[in-house]
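Asker: Please find one structure pasted underneath; my questions will follow.
The values are calculated or read from the model by the stated rules, or taken from the named source; none is laboratory data. Small disclaimer: the values here were computed from a predicted structure and weren't measured. Neighbour counts are summed over all protein chains in view; Cβ atoms, including those assigned to glycine, are modelled from backbone coordinates with ideal geometry.
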Amino acid sequence: MARAKTKATNLRVPQNDAEAEQMIAQLGASQRDQAETKARHDAVIADLETEHGKVMKAAQEEQAGLIEGISVWAAANRERLTAGGRTKTVQLASGTILWRDGRYAVKHRGLKEEDVVRAIHDRIDELREQAAGETRRSAALQLKAQADILDGCLRRTIKPNKDAMLAAREVAATVSGIVIDREPESFAVEPIASQIGEVA
């Protein structure tokens, strides 16, 4: 087999069909060995992940039990611990306990997003109609302000649709700054698994 020089290493180049078939079979065997090694590696990782998951779950359950127990004790002693509600943070020798205000959350109450959007639009229209019929200027301005606030609660996200641009390459390429590139041709070798043993 001839060898051709490349920048960093010698490159084997087959001299005939038989040598090419042999190299393809060798490539297939190497890929199969790599796949088997990866499968063994993945199995070891999966076993480790399973064991780690069990340990983490046990630790989380223990921590949840400790927190729940401390919470029951703190609730029973809250008046004393917070000095009659003057503080929400209590420093103990081994750590701090505290009560945090709950966070606000928006809930749709079983509505789909499009239903929520429609309901917001309906309320905006309602407020604008009331503002138009309002005789007092200050009340009309207040209604318009509420409509504008609700309008701000709607997202308007417009992004380029690259799939559509690819489907209409010629038209999309006329837009300033848009370039439709094509990746260069690539070469691939795909050994036939059933023939690897026969050729090698």
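Asker: Kindly establish whether ARG12 is under 21 Å from PRO191 (Cβ atoms), part of a helix (DSSP H, G or I) and not small (Gly, Ala, Ser).
Answerer: No.
Asker: So which pairs qualify, if the first residue must be in the range 46-75 and more than 30 Å from GLN91 (Cα to Cα) and surrounded by 10 or more Cβ atoms within 10 Å (Cβ to Cβ), the second must be at pLDDT below 95 and hydrophobic (A, V, I, L, M, F, W, C), the Cβ gap must be under 7 Å, and the two must be at least 6 apart or on different chains?
Answerer: Pairs that qualify, where the first residue is more than 30 Å from GLN91 (Cα to Cα) and surrounded by 10 or more Cβ atoms within 10 Å (Cβ to Cβ) and the partner is at pLDDT below 95 and hydrophobic (A, V, I, L, M, F, W, C): there are none.
Asker: Within the set of pairs 6+ apart or on separate chains, which have a first residue in the range 126-152 that is of a type in the set (S, T, N, Q), a second that is surrounded by 12 or more Cβ atoms within 10 Å (Cβ to Cβ), and C-beta atoms under 6 Å apart?
Answerer: If the second residue must be surrounded by 12 or more Cβ atoms within 10 Å (Cβ to Cβ), the pairs left are GLN130/LEU143; GLN146/LEU127.
Asker: Which residues, taken from the range 124-141, are closer than 28 Å to LYS107 by Cβ, surrounded by 15 or more Cβ atoms within 10 Å (Cβ to Cβ) and out of contact with any Lys or Arg (no Cβ under 9 Å at 6 or more places or on another chain)?
Answerer: Once the filter is applied, which keeps residues that are closer than 28 Å to LYS107 by Cβ, surrounded by 15 or more Cβ atoms within 10 Å (Cβ to Cβ) and out of contact with any Lys or Arg (no Cβ under 9 Å at 6 or more places or on another chain), the range 124-141 yields ILE124, GLN130.
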